[in-house]
Amino acid sequence: MASRLFSNKWNIRDLTSVLVLLRSSKAASTSFPYVERDSLKTASCFRQYHDGRPRGPLWRGKKLIGKEALFVLSGLKRFKDDDDKLHKFIKTHVLRLLKMDMIAVLTELERQEQVSLALMMFKVMQKQDWYKPDAYLYKDLIIALARCKKMEQVSQLWESMRKENLFPDSQTYTEVIRGFLNYGSPADAMNIYEDMKNSPDPPEELPFRILLKGLLPHPLLRNKVKQDFEEIFPDSSIYDPPQEIFGAR
């Protein structure tokens, strides 16, 4: 009986020593916080390591483009200044691409602002049997051309789109109106504005505001747009700067 009590006492002592060790280790971790900071710093160093590959949408986009499309993309840029080699390359390689590869090449050319090649690629796609009028294909190309101030090509593409009975969205109207205003062609901007009013989709405020700001030097045109804006958006307000700024009397 005494031996059992003795053994139980030793078990309690062992348990007590374990608890003391656990408490001491916890106290050491709280009293020396620099150990945790150093470990976090080391982990952050590993996270900041860069292996040389592009990050983000660019890398994901390139993985989605097939090898044939990448080959065609590089070939188009290589021969863009030589018309003979370019047309030969189109016949031998571009026309062999599948539909999705052609769209991928077009999208990548637009992203790289190779707008002349993108326009040529779009015309090639229009001649394919699978082609159907698509407002979004027009939209991306028109916006890319407008941002590169290729407004003559924008006008031609706009007429082609309207012949196919396609209406763009508000973003396209905004970018094209802004492009013509920056190009110094308020009359062309007003033509796009009239086209926007005939669109089956309800208009948005942004293209109106871009036009109202760009037409400040042209008060007669601006007043017409202002009246339409007030009728369509009666709860919105318009800032009118002092007329003396633009020399109007």
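The values are calculated or read from the model by the stated rules, or taken from the named source; none is laboratory data. Keep in mind the model is a prediction, meaning the values are calculated, not measured. Every residue, glycine among them, receives a Cβ derived from its backbone with ideal geometry; neighbour counts consider all protein chains shown.
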Exercise for the section: Identify, from the list PHE79, PHE89, the residue that is touching a Lys or Arg at 6+ places or on another chain (Cβ under 6 Å) and at pLDDT 90 or above. Expected result: PHE79
Problem - Complete set of residues in segment 146-194 that are of a type in the set (D, E, K, R) and surrounded by 17 or more Cβ atoms within 10 Å (Cβ to Cβ) - result: LYS150, GLU175, ARG178, ASP188
Problem - Which numbered condition ASP201 misses (of (1) within 19 Å of PRO234 (Cα to Cα); (2) modelled with pLDDT of 90 or more) - result: (2)
Completion exercise
Those residues of segment 231-243 which are surrounded by 14 or more Cβ atoms within 10 Å (Cβ to Cβ) and assigned to a helix (DSSP H, G or I) amount to ILE232
Completion exercise
Of the listed residues (LEU181, LEU206, LEU141), the one being within 30 Å of MET100 (Cβ to Cβ) and under 25 Å from the mean Cα position of the chain (by Cα) is LEU141
Practice task
Restrict the check to segment 168-179 and report whether at least one residue is more than 25 Å from HIS218 (Cα to Cα) and assigned to a helix (DSSP H, G or I).
Solution key: no
Practice task
Please specify each residue of segment 206-221 satisfying the condition of being part of a helix (DSSP H, G or I) and either over 13 Å from ILE177 (Cβ atoms) or touching a His at 6+ places or on another chain (Cβ under 9 Å) (or both).
Solution key: PRO219, LEU220
Handout entry: Selection status of MET120, within 22 Å of LEU70 (Cα to Cα), free of Cβ contacts under 8 Å to residues at least 60 places away in the same chain, of a type in the set (A, V, I, L, M) and out of contact with any Asp or Glu (no Cβ under 9 Å at 6 or more places or on another chain)
Key = yes
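Every residue, every condition in (1) assigned to a helix (DSSP H, G or I); (2) within 19 Å of GLU164 (Cβ to Cβ), yes or no:
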site: PHE89; (1), (2): yes, no
site: GLU108; (1), (2): yes, no
site: GLU113; (1), (2): no, no
site: SER116; (1), (2): yes, no
site: MET121; (1), (2): yes, yes
site: VAL124; (1), (2): yes, yes
site: PRO133; (1), (2): no, yes
site: ASP140; (1), (2): yes, yes
